[in-house]
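So the structure is just underneath, and the comments pick up after that.
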Amino acid sequence: MIFHYNYPINISKLSLITKLKKLEILDFGCGIGNWFPHDVNLRKVKKIILYDNNPNLKNLLKKKYSNKKFNIEFNYKNIKKKKFNVVIFSSVIQYIHAQDLKKIINDLEKNKKKLFIIFTDIPYLPRILEFFLLPFFNLKRFLYVLKLVFLSEYKKKKFFTYKKNSFNIFKGKFNLIFSKNLHDLKFLRYSLIMRLK
């Protein structure tokens, strides 16, 4: 639960990106969640599945997201069976190895006709270099990361970077659209929207 840098997910941006009439969202690696209650009440939002592999978050998420549009899940096998048309990986890809990511994407896209997978906050620089550049681009986030650096749990976490060509393995099934980061770190990270062909 140490990864709780708060940057809200913008439903309006999701609507513009996907052009879907109804959003059925899977927030993969949701952590403590970054959803505004008024956004969730919009008609466009049919449901939001919050998935994380940390069961210690269960009570916090249930208390924070009591709206019936939320479905909280901690079992990976269960989410593969659920219906959704948008998957969001918000500031989580850096903790997923490329081989694991490939398997996850293959699992999530099975039996889907329309699917958007949106990665925000994708790091492309080594962790140490990004850390030294961070104060020049986002002082608030730098101060947050500075606190984490001294936590043993954070030091043990593996950190993966992704160059844009890392996603070429998905070109057969998805259209790839790279953009400025939809998260707050505009110059050190980027975003990717993948649309199922």
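The values are calculated or read from the model by the stated rules, or taken from the named source; none is laboratory data. No experiment lies behind these values; they were computed from the predicted model shown. So basically every Cβ, Gly included, is an ideal-geometry build from the backbone, and we count neighbours across all protein chains shown. Heavy atoms of the whole protein, side chains included, go into the accessibility calculation; ligands, DNA and RNA do not. Shrake-Rupley method; radii C 1.70, N 1.55, O 1.52, S 1.80 Å.
Numbers at a glance
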quantity: Simple spin-label estimate for LYS158 and ILE177 in nanometres, 7 Å along Cα-Cβ; calculated: 3.2 nm
quantity: Surface accessible to a 1.4 Å probe, VAL45 within the full protein complex, Å²; calculated: 0 Å²
quantity: Read-out Rg and Dmax of the Cα atoms in Å, derived from the coordinates shown; its label in [x] 16.3, 45; [y] 21.4, 57; [z] 23.0, 73; calculated: [x]
quantity: Net charge dipole size for the chain [Lys, Arg +1 and Asp, Glu -1 on Cβ; Debye, nearest 20]; calculated: 860 debye
quantity: Per-residue SASA entry for THR120, accessible area with 1.4 Å probe, Å² rounded to 10; calculated: 10 Å²
quantity: Relative contact order [Cα under 8 Å, 6+ residues apart], the chain, whole percent; calculated: 20 percent
quantity: For segment 80-197, convex hull volume per residue from C-alpha positions, Å³; calculated: 110 Å³
quantity: Relative contact order computed over segment 138-196 (Cα-Cα under 8 Å; 6+ residues apart), in percent; calculated: 24 percent
